[in-house]
Each structure stands twice: as C-alpha cells, then as structure tokens.
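Below is one structure, written out as structure tokens; the observations come after it.
The values are calculated or read from the model by the stated rules, or taken from the named source; none is laboratory data. Just so you know, these numbers come straight off a predicted model, no measurement behind them. Because the Cβ atoms are built from the backbone with ideal geometry, glycine has one as well, and the counts that use them run over all protein chains shown.
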Amino acid sequence: MNLFKSGQLDIANISPTQYAEADAMAKAKQANFQLTCSYPSYMVLVNTAHKPFDNADVRKAIYMAVDRKAISQALLPFNKPLQQLIPPGFPGNLPALEKKPAFNVNQAKSLMQKAGVSNVSMNLILPATDPYPDLSTIIQRQLGAIGINVTLTPVPPATSYSEWLKGSADGFVTAFSGSVDMSTQIFNYISVYNFGGPSVLPAGVLDKYNVAKDLPPGPQQTAAFADINRTLAQQPLGSPLLQFCTGYVIKNNIVNTEHFSPSGNISWTDLSVPGVTSGKA
C-alpha cells in the first residue's frame, strides 16, 4: 500500500486489513478498489487425532464458540462470515446455512460438559503474516470462553501447511487449501487434513463422497455435494470462519482491470463445464 500511495505502483494486491483504507480512497475518488471473493476460506482446522479433539462434541463446541460476525466486524469487514465448507459460488453451497448464526456460547459449554472435558489446552499454529495473528488472537479469546486455553504458535507462511501436516499441532488457523473442484475440496477436508481418519467422520459421509465424486458435473452431483456439506456443518471436523477475498487498489487512470480480476463473488458454478456450455461464462 505504501508503494502504491507513493506512486511507485499502479496496481497493488493488498492485505485484508487494508481493505477499509482502500475503500475509503475509492470513495474519495483517489483510487479504485476492486474486491474478488472466491476460495479458499479462512478456517480453523482441528487435529482429529488428538484428544479431546477426536470427540465430535468438542469439535462442535469449537464450531459454535466462534463468533464469525464479530470477527468480520472487528477485523475483516469485507469478508463475509462462513459456516460451511463449500463457499458461495461453488456447487454444493447452501445459502440457508448462513441465515442462522451457529454462534452459541451456552450450547458450546453444554457440549463440552457432555464430552466430559474442561480446561482443555490447544496449540494453534498460524502463518506469521497478516491477518492471521489478529484473527487467531480473537479466536483464542472466543475459545477461552468455553474452557479451551489456546496457545498461539506463529510459523513461516511458506511452510505453514508442511508444519500442519507433521500432525503435532492441535489446530491450524489458515486459508483452507482447497480446490475449484469440489471433489478435491471435500477430499482434502475429510481425508488429507483429517488426521483422525475415517473413524471420526460423520456416519455415511465417506460413502456419500465416493458416490458424489464419480457423478458427472450437473444438478445430481451438486445435490450430492450439498448433502455432504450440510452434514459436515452439523458434525464439523473444523470450523470455517470467513469467506476469502483478494483485494486490489488501482490508479484511476488504469482501465480494463476486470480482465485480470472480476469484482464481487466469482461463481465457479458458471465457470464449470455446464456453465460454459450454457453460455454463462
């Protein structure tokens, strides 16, 4: 942002905590602000192989203890709260899941009591770059309200996923490394980053996935993805937080920037094979 304001750059890819400043510049007609929202999603991945996080009630308690709206308002007001694995614009996304906030501290506490745990320690790793330190600090405070004492361990951003795959941390605050292809997105979530294996998955999810991944793109596969997505929101392995966005601040005399980064939500459904053949893309 400093290089842009000093005139050394015509276009700058800016960090999420700079979106408000870029928006103010755009409203003052000092620059254009372009925001593209797609994937991956900000998320807390949970090590399902570690106790007590192998317990579905503990994971659900974490999911319900996170106040996504408060995180968005306090830190990332341009990033919408997200309560499901599949973000908007992807086949299987369920807008209805976002209408009622999952945040409920009392119910989260009850789930912790049901699991028979209290004063739980949790080591969260996070990329040592904006916005993860501030984001993780808010999550640390919110989980503390239900008796989960979080220790934050920053790691180099470039190796953060390698660090997570070692399996030693209890959780990982990240932009979930997914895919435009929902088969890959779901597989990463239920297999690659699910260290607890099939035993911790909701009943029937693996079978449903094995059917869905082999369906041709279209309404039937979308419905199958939506069914899996709904189940994983009801019985989460981790906790989706916010939709991910990419922001650019652009000089007023630069034109045709929509060709490298469209504004608004990207509909990957329209960019899929059925979307292209129907003329949507």
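Here are the numbers:
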quantity	calculated
Verdict on ASP57 being in the same structural domain as GLN234 (by TED's automatic domain parsing), free of Cβ contacts under 8 Å to residues at least 60 places away in the same chain and in contact with a helix residue (DSSP H, G or I) (Cβ under 6 Å, 6 or more places away or on another chain)	yes
The stretch 8-33: number of residues that are more than 13 Å from ILE250 (Cβ to Cβ) and small (Gly, Ala, Ser)	4
Only listed residue being among the hydrophobic types (A, V, I, L, M, F, W, C), closer than 19 Å to PRO40 by Cα, more than 14 Å from the chain's Cα centre (by Cα) and modelled with pLDDT under 95, chosen from LEU75, LEU94	LEU75
Residue within the stretch 252-262 that is buried (at least 21 other Cβ atoms within 10 Å of the Cβ), on the phi < 0 side of the Ramachandran plot, touching a residue at least 12 places away in the same chain (Cβ under 8 Å) and not in a loop (DSSP other than H, G, I, E, B) present	no
Filter result (surrounded by fewer than 14 Cβ atoms within 10 Å (Cβ to Cβ) and among the charged types (D, E, K, R)) within the stretch 96-129	LYS99, LYS100, LYS114
Residue match in the stretch 114-125 (condition: under 22 Å from ALA56 (Cα atoms), of a type in the set (Ser, Thr, Tyr) and not in a loop (DSSP other than H, G, I, E, B))	yes
Long-range neighbours under 8 Å by Cβ, at least six apart or interchain, first residue under 15 Å from LEU143 (Cβ atoms) and part of a loop (DSSP other than H, G, I, E, B) within the stretch 85-108, second among the aromatic types (Phe, Trp, Tyr) and at pLDDT 90 or above	ALA102/TYR63
Selection from the stretch 39-63 of residues that are buried (at least 20 other Cβ atoms within 10 Å of the Cβ) and within 15 Å of the chain's Cα centre (by Cα)	TYR39, SER41, TYR42, MET43, VAL44, LEU45, VAL46, ILE62, TYR63
Qualifying residue in the stretch 63-77 (condition: in contact with a Ser or Thr (Cβ under 9 Å, 6 or more places away or on another chain), in a strand (DSSP E or B) and in contact (Cβ under 8 Å) with a residue 24 or more places away in the chain)	no
Residues (at pLDDT 50 or above, aliphatic (A, V, I, L, M) and within 23 Å of the chain's Cα centre (by Cα)) located in the stretch 250-281	ILE266
Some residue of the stretch 12-19 being in the same structural domain as ILE186 (by TED's automatic domain parsing), under 21 Å from the mean Cα position of the chain (by Cα) and assigned to a loop (DSSP other than H, G, I, E, B)	no
